[in-house]
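Every number in this text was worked out from the coordinates using simple rules, so none of it is lab data. This structure is a prediction, so every number in the text was calculated from the model and none was measured. All Cβ positions, even for glycine, are placed from backbone atoms using ideal geometry, and neighbour counts span all protein chains on display.
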Amino acid sequence: CLDDRARAAALELLQDPSLLSRILVDLECCGVIGENTNKLVSYLATVSRKLDKPLAVMIQSSSAAGKSSLMDAVLNMMPKEERVQFSAMTGQSLFYMGETNLKNKILAISEEEGADQASYALKLLQSEGEVSIASTGKNAVTGNLETQQYRVEGPVMLFMTTTAIDIDEELMNRCLVLSVNETRAQTEAIHRMQRQRQTIEGLLADKDKKARVALHQNAQRLLRPLLVANPFAEQLTFLSDKTRTRRDHMKYLTMIQTVTLLHQYQRPVKRIEHGGKLLEYIEV
């Protein structure tokens, strides 16, 4: 529960017409230099956890290029209670995580290779919104063996990093695949930032980082899972030369919805009655 001061500050951020620019500035202050497109796409994708069909992100780069720094910086902006992070997952671990442990949350896996055994379950969770398994176990009362069903309810926003060049095609085409900037100019910019953070100004800025992170976490807590209608949807076009664009097209539409969801305090909330219920929605 937020106090009045924290709530007012979070609302001020969400109502700022330059909200996306502020996100970029705050992520840079938290240590991620450059990478503006990757920062915005990653941040918006985590916001999509509030939708019925969230986005999934895979950050791909060579070792030590900064993919984990980017993921961790974005994850830190999200409320702790709305993210679950692992370094690795075994093949069946996802099935035993409890029915609502992941619903509308972010599931972050530090290295895709660490989730290799669980990739089948992750793909199902991303596509179907839930996974279930039938397993044999002992009845606690009788001691007899019986079949028990375990179910994990989504939807879930999937966030992963990888150093692999060849990623499971089925998993990859469910994700937005981001490539980290590995140019010499970017390396020099990172070096400058690392040196600057050793100065007294840098040390003081590091103290401000906690306040920026807390502000974004509180703003995320205020976001409501509203319906998002796109009155322009039928006017949009998309590539259709490959069958995989059927999935890519949905990522495109979901990203548009997510931008609107993030700006919900800058959009009028409309209401419509359907099936005897009053539904609230905002428009793109």
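Arranged from highest to lowest average of other beta-carbon atoms within 10 Å per residue, in what order do the peptides 197-206, 248-257, 272-281, 215-224 appear?
Those peptides, ordered most packed to least, come out 215-224, 248-257, 197-206, 272-281.
Would you list, by chain and number, the lysines whose Cα falls below 16 Å from the Cα of residue 67, excluding same-chain residues fewer than 8 positions away?
Excluding near neighbours in sequence, the set is 39.
Based on the inverse mean of 1/r over its pairs of different Cα atoms, what is the Kirkwood hydrodynamic radius of the stretch 101-221, in Å?
The answer is 18.8 Å.
Can you tell me which aspartates and glutamates have their Cα less than 14 Å from the Cα of residue 80? Leave out same-chain residues fewer than eight positions away.
72
If packing is taken as the mean number of other Cβ atoms within 10 Å per residue, what is the order of 145-154, 20-29, highest first?
Packing order, densest peptide first, comes out as 20-29, 145-154.
So how much slack lies between residue 21 and residue 209, counting 0.36 nm per residue of separation and subtracting their Cα-Cα distance, in nm?
Roughly 66.0 nm would be gained on extension.
Return the percentage of antiparallel bridges among DSSP beta bridges fully within the chain, rounded to the nearest 5 %.
So the antiparallel bridges amount to about 40 percent of the total.
Which residue, 223, 243, 199, has the largest displacement toward the positive end of the dipole of the stretch 153-249 when charges sit on each Cβ (Lys, Arg +1; Asp, Glu -1)?
Going by the charge dipole, the pick is 199.
Just to be sure I understand, if you calculate percent of Cα pairs over 29 Å apart for this structure, which of [x] 40; [y] 61; [z] 31 do you get?
Comparing each candidate, only [x] matches the computed number.
Can you give the charge dipole size of the stretch 181-284 about its Cα centre, rounded to the nearest 20 debye, using +1 on the beta carbon of Lys and Arg and -1 on the beta carbon of Asp and Glu?
320 debye
Is it possible to state the helix-based mean residue ellipticity at 222 nm for the chain, with each DSSP H run of 4+ residues giving -39500 (n - 2.57), the sum divided by total residues, to the nearest 500 deg cm²/dmol? What is it?
-12500 deg cm²/dmol
Among the DSSP beta bridges whose two residues both lie in the stretch 144-284, what percent are antiparallel, rounded to the nearest 5?
60 percent
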